[in-house]
Amino acid sequence: MGVNVTEAVNGISVIVCDSADDASKTTAELIANQLGQKPNSVLGLATGGTPLKTYQYLIEFNQSGRVSFRDATTFNLDEYIGLTGDHPQSYRSFMNEHLFSNVDIPIDQTYVPDGSTSNIDQHCRDYEALITDHGGIDLQLLGIGHNGHIAFNEPGSDSQSATRLVDLAANTIEQNSRFFDSPSEVPRQAITMGIATILKAKTIVLLATGSGKSDAVRAMLYGDIGPQMPASFLREHPNAIVVLDAAAAEGLPLNSAAS
Ligand code: F6R
């Protein structure tokens, strides 16, 4: 593993790693440290391509006895509307497959919004209340969309937004079609935690890897803070950490940037 460089950028701690693998391991270590300090932590979790390697490392750490999820509770960021939890493309299935079934967490301590609920508004209110009842999220893991979304808070989402029903942006549907047989199968709507929900987490860790994310990362860190770039609201959080690989950090005006 190469030397990681941490630098404060506009209120965010930015960790730049040599490779996506290093960045994923660093992120897994931040989560493992959180569980080490507080075994009954409440973790906010993300799906998508980015956290897969981080989850593999967490499984490794768990199986080697370095970390336990036995007393943890997890809340996922989002779920597609219209998919039941047992649908292979649901985020519940994703989490079961890529993390929960491979670590020692009791499944009833894992929460993912229910995309097949008959009362979406009530379900969203209940999800918020459940997070609060558990004492709030200790560490929230995030990815970032090419358009700067966090969870499914697409551009236009305001900082006061709570868990709610949202329409997915056209480019999000296009990006996510890689997980479906055809673009027409990608759900058009989702339930997502809001920006306010995310900003209530005590620590936020956003992982971004690959050159495709570099424009969004730059805008998040250096552009205007506002709904046009939902991830920029992390700059208003007291304890936000952004973990990047070299490709996602490319072109950033970091003091420590390799010449
Ligand atoms: C997933 C989520 C999304 C993803 C983002 C990046 O639960 O909330 O915001 O983090 O779309 O997706 P990937 O990692 O597939 O590039």
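List of remarks:
- Among THR203, ALA169, LEU130 the positive-end extreme of the charge dipole of the chain (Cβ point charges): THR203
- Bins of 10 Å from zero: percent of alpha-carbon pairs in the chain: 7, 33, 38, 20, 2, 0
- Here the chain is assigned +1 on the Cβ of each Lys and Arg and -1 on the Cβ of each Asp and Glu. Its dipole about the Cα centre then comes out at about 400 debye.
- Taking the Cα centre of the stretch 88-138 as reference, the dipole from Cβ charges on Lys and Arg (+1) and Asp and Glu (-1) amounts to some 140 debye.
- Under 5 Å between amide hydrogens, built in the peptide plane, is the criterion, and for LEU206 it picks out LEU142, ILE241, VAL242, VAL243 among residues at least 5 positions away or on other chains.
- Using the Karplus relation 6.51 cos²θ - 1.76 cosθ + 1.60 with θ = phi - 60°, the per-residue 3J(HN,Hα) values for the stretch 184-200 come to 5, 7, 6, x, 8, 9, 8, 9, 9, 4, x, 5, 5, 4, 5, 5, 6 Hz, with x marking Gly and Pro.
- Globularity index of the stretch 174-259, i.e. its alpha-carbon radius of gyration over 2.2 N^0.38 Å: 1.27
- Seen from ASN76, the other residues with C-beta closer than 12 Å to its C-beta sum to a net charge of -2, counting Lys and Arg as +1 and Asp and Glu as -1.
- Sorted fewest first by neighbouring Cβ atoms within 10 angstrom, GLU154, GLU79, GLU97 come out as GLU97, GLU154, GLU79.
- ILE241 sits among other residues whose Cβ lies under 14 Å from its own Cβ, and their net charge, with Lys and Arg +1 and Asp and Glu -1, is -1.
- For the stretch 100-247, size of Cβ-based charge dipole, Lys and Arg +1, Asp and Glu -1, in debye: 380
- Under 15 Å, Cβ to Cβ, from THR172 - net charge with Lys/Arg +1 and Asp/Glu -1: -3
A short reminder: the numbers here are calculations on the coordinates, not readings from a lab. Values in this document were obtained by computation on a predicted structure and should not be read as measured data. Cβ coordinates were reconstructed from backbone atoms using ideal geometry, including for glycine residues, and neighbour counts include every protein chain displayed.
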